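Just below is one structure, and these are the notes that go with it.
The values are calculated or read from the model by the stated rules, or taken from the named source; none is laboratory data. Quick caveat: nothing in here was measured; it's all calculated off a predicted structure. So basically every Cβ, Gly included, is an ideal-geometry build from the backbone, and we count neighbours across all protein chains shown. Ligands, DNA and RNA are stripped out before the accessible areas are found, and what is left, the full protein with its side chains, is counted by its heavy atoms. Shrake-Rupley method; radii C 1.70, N 1.55, O 1.52, S 1.80 Å.
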Amino acid sequence: MILEALNYAASWPLTSAAHRPFIRSSVNLWARANRCASAWAEHESRTKAAILATAEGCRQRRTVVVLGSGLLRDVPVMELSRLFDTVVLVDLVHLANVRGWLTVKRLKNVRLIERDLSGLDALFANQPLEPLAFLRQVPYLDLVVSANLLSQIGIGAARRLDDRADKGPLLRQVIGAHVEGLAQVSAETCLVTDVSYTVIDRSGGRHETVDMMHGADLGDVRAEWDWPVIPFGEESRDYQILHHVIAR
């Protein structure tokens, strides 16, 4: 708890006022990732491999933008820094420990941007839902990565839309806008996201499966795997929550 409190306090002055409410959830994710490091290792490795496979296939390697860079545990930032002239990391919050790690590694071609990628503010204002339109302004853009972000957009949107009768269609619209935004950029793209989760007991019984994409079509996938986001013992000795992940 002391480390979490220190990271929270150090991240506060480094984060814009609009995004400070999200520091707590980022610190909580950091703490869970540390506790579940062994269970998450394969997922993080496969995510990095999917990103690198796309990166190495780029004809030009000038600028790469990573959407949802988060804790950098699943982003091969060292390799991307060597491959590309500029690496842009975009997320709501960049925790102090992440910033410190980048400084220690002396990755001088890495840039940090705070940005809400959900598009919800535009949706509530009845404006066009184009959360990734800013990518059109990025010069020399050769690769865009969406790194385990899309399901989190869906979770956040579900909370804010909870009292809406048209919640389901709106969630599909929000998720679809992200996918369409990737399709519209004139660069290579790599999308990695968990698309569903299942609650499983110790005997292998499946108690609940939830579609995290809310029916949105992500198209063809290149790879898929399972990720024990909540392994046995994290919340209960009797069950785990297994997320199904796709890369495309």
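General remarks:
- Taking the numbered list (1) of a type in the set (A, V, I, L, M); (2) open to solvent by less than 20 Å² (accessible area, probe 1.4 Å); (3) under 20 Å from residue 70 (Cβ atoms); (4) assigned to a strand (DSSP E or B) in turn, residue 157 passes all entries but (4).
- Residue in the range 194-202 that is surrounded by 15 or more Cβ atoms within 10 Å (Cβ to Cβ), in contact (Cβ under 8 Å) with a residue 40 or more places away in the chain, of a type in the set (Gly, Ala, Ser) and outside any loop (DSSP other than H, G, I, E, B) present: yes
- Single residue of the range 219-234 satisfying the filter (assigned to a loop (DSSP other than H, G, I, E, B) and at pLDDT 95 or above) that is most open to solvent (accessible area, probe 1.4 Å): 222
- Residues being under 20 Å from residue 188 (Cβ atoms) and either surrounded by 19 or more Cβ atoms within 10 Å (Cβ to Cβ) or among the basic types (Lys, Arg) (or both) - total across the range 72-120: 16
- Screening residue 69 with (1) surrounded by 19 or more Cβ atoms within 10 Å (Cβ to Cβ); (2) out of contact with any strand residue (DSSP E or B) (no Cβ under 6 Å at 6 or more places or on another chain) gives one miss only, at (2).
- Scanning the range 54-64 turns up no residue that is in contact with a His (Cβ under 8 Å, 6 or more places away or on another chain), modelled with pLDDT of 95 or more and open to solvent by 10 Å² or more (accessible area, probe 1.4 Å).
- Filtered by the rule that a residue be within 17 Å of the chain's Cα centre (by Cα), assigned to a loop (DSSP other than H, G, I, E, B) and not aliphatic (A, V, I, L, M), the range 112-144 gives 115, 116, 118, 119, 131.
- Every pair of residues 6+ apart whose Cβ atoms lie under 6 Å, when the first sits in the range 177-189 and is under 18 Å from residue 222 (Cα atoms) and in contact (Cβ under 8 Å) with a residue 60 or more places away in the chain while the second is in a helix (DSSP H, G or I) and open to solvent by less than 90 Å² (accessible area, probe 1.4 Å): 188/54; 189/182
- Only a single criterion out of (1) in contact with a Ser or Thr (Cβ under 7 Å, 6 or more places away or on another chain); (2) over 20 Å from residue 89 (Cα atoms) is not satisfied by residue 182, namely (2).
- Every pair of residues 6+ apart whose Cβ atoms lie under 7 Å, when the first sits in the range 237-248 and is within 21 Å of residue 223 (Cβ to Cβ) while the second is assigned to a loop (DSSP other than H, G, I, E, B) and open to solvent by 30 Å² or more (accessible area, probe 1.4 Å): 246/221; 247/221; 247/222; 248/219; 248/220; 248/221; 248/222
- Any chance residue 134 is aromatic (Phe, Trp, Tyr), over 19 Å from residue 27 (Cβ atoms) and either touching a residue at least 40 places away in the same chain (Cβ under 8 Å) or open to solvent by less than 60 Å² (accessible area, probe 1.4 Å) (or both): yes
- Inside the range 35-52, residues that are open to solvent by 50 Å² or more (accessible area, probe 1.4 Å) and either touching a Leu at 6+ places or on another chain (Cβ under 6 Å) or in contact (Cβ under 8 Å) with a residue 12 or more places away in the chain (or both) make up a count of 4.
- Qualifying residue in the range 203-212 (condition: surrounded by fewer than 17 Cβ atoms within 10 Å (Cβ to Cβ), among the hydroxyl-bearing types (Ser, Thr, Tyr) and assigned to a strand (DSSP E or B)): yes
- Note on the range 5-17: residues that are open to solvent by 40 Å² or more (accessible area, probe 1.4 Å) and either touching a residue at least 24 places away in the same chain (Cβ under 8 Å) or of a type in the set (Val, Ile, Thr) (or both) total 3.
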